[in-house]
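Undergrad: Supplied in structure tokens, the structure appears directly below.
The values are calculated or read from the model by the stated rules, or taken from the named source; none is laboratory data. What you see is a predicted model, and the numbers here were worked out from it, not measured in a lab. Reconstructed Cβ throughout: ideal geometry from the backbone, glycine too, with neighbour counts over all protein chains shown.
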Amino acid sequence: MSFQQLVDAIPVFEQIETSRISRTIDSTPDRHVLIVVLRGHVTISSREQKPAVLIQGYACHPDCGPHTIQIPKTKEAEYIVITYRILPANSEWTLRGPLRTLSEIKIKYMLDELIRTIHDIDTRSEDEEAAQQFRKRLIMERILFIFLYETYLVQDEKSSELSMEESLSYMNEHYMLKLTLPMLAKRADMSVGHYAVRFKKHTGETMTRYLRRIRIDKAKQMLLQTHLKANEISQRVGFADYFHFSRIFKQEVGCSPTEYQKSSSKI
């Protein structure tokens, strides 16, 4: 589903209920259902989807129903069922499946507000009733927006994590090549700035620091396991300048490459 659908359509709140039991939600034309787990987890399935564990939100589309919600036999769970419709009636609305959120407390507050309106004593004037209906519509829109927006955020986070893992794997295999930040960012399909931020968040180090550490670790292995000279090893791990390699090695290890090789041979 795209945000354009949320712009073009109006979600109209109809009812909300809390449940702690297994149940089946029937498919009613032009009626959509939003399930929000408050406590524990449930398993949900439909004729188009295999059983899936639900811990946050789920959008039931009438074209995919009925939907069966199963409570774990050995654990308690509590969830909210919101029924709403979309206006105009012919509006495109494809929201369905698992939803994610980073704002559970905010959504819980809005759900409490919707539940509270059900128990209000109906002594309002027509204007007050209209204002209350409009307020419920705004809350409904806000809940849907948060779920839709943050589901994309979580998906983007997962995609970024996978891109970072692939990038680190590439660096560990091709550390001897001339690797640059722009080149690695392009491979990950990110801007240089975004890649640098994601890399630091993922590894705790800058790309340059991480690559330098890989190269020095590989050089240490070669110094211990081969009879190659230090200047040849420097080239094999990606340093074009031996003196630069020697200086970096000493910063990282505490001694020069030749001193490291000699001291290790005596052990």
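Undergrad: Among (1) touching a helix residue (DSSP H, G or I) at 6+ places or on another chain (Cβ under 7 Å); (2) at pLDDT 90 or above, there is one condition LEU111 misses while meeting the rest; what is its number?
TA: (1)
Undergrad: So MET190 fits all but one of (1) within 30 Å of GLN56 (Cα to Cα); (2) modelled with pLDDT of 90 or more; (3) not in a helix (DSSP H, G or I); what number is the exception?
TA: Answer for MET190: the failing condition is (2).
Undergrad: Whether any residue in region 41-58 is loosely packed, with under 13 Cβ neighbours inside 10 Å, small (Gly, Ala, Ser) and either assigned by TED's automatic domain parsing to the domain that holds TYR149 or more than 24 Å from PHE145 (Cβ to Cβ) (or both) is what I want to check.
TA: No: region 41-58 contains no residue that is loosely packed, with under 13 Cβ neighbours inside 10 Å, small (Gly, Ala, Ser) and either assigned by TED's automatic domain parsing to the domain that holds TYR149 or more than 24 Å from PHE145 (Cβ to Cβ) (or both).
Undergrad: Sticking with this one: Within region 30-60, count every residue that is closer than 14 Å to TYR84 by Cβ and either in a loop (DSSP other than H, G, I, E, B) or aliphatic (A, V, I, L, M) (or both).
TA: Total meeting the criteria: 7.
Undergrad: Tell me which residues, restricted to region 74-99, are loosely packed, with under 11 Cβ neighbours inside 10 Å and either touching a strand residue (DSSP E or B) at 6+ places or on another chain (Cβ under 9 Å) or aliphatic (A, V, I, L, M) (or both).
TA: Residues satisfying the conditions are GLU76, PRO88, ALA89.
Undergrad: I need every pair where a residue in region 100-128 that is under 21 Å from ILE146 (Cα atoms) and loosely packed, with under 14 Cβ neighbours inside 10 Å has its Cβ under 7 Å from the Cβ of a residue that is at pLDDT below 90 and of a type in the set (Phe, Trp, Tyr), sequence separation at least 6 or different chains.
TA: From region 100-128, no pairs qualify.
Undergrad: Please go through region 1-29 and pick out each residue that is within 21 Å of PHE145 (Cβ to Cβ) and in a strand (DSSP E or B).
TA: ILE10, PRO11, VAL12, PHE13, GLU14, GLN15, ILE16
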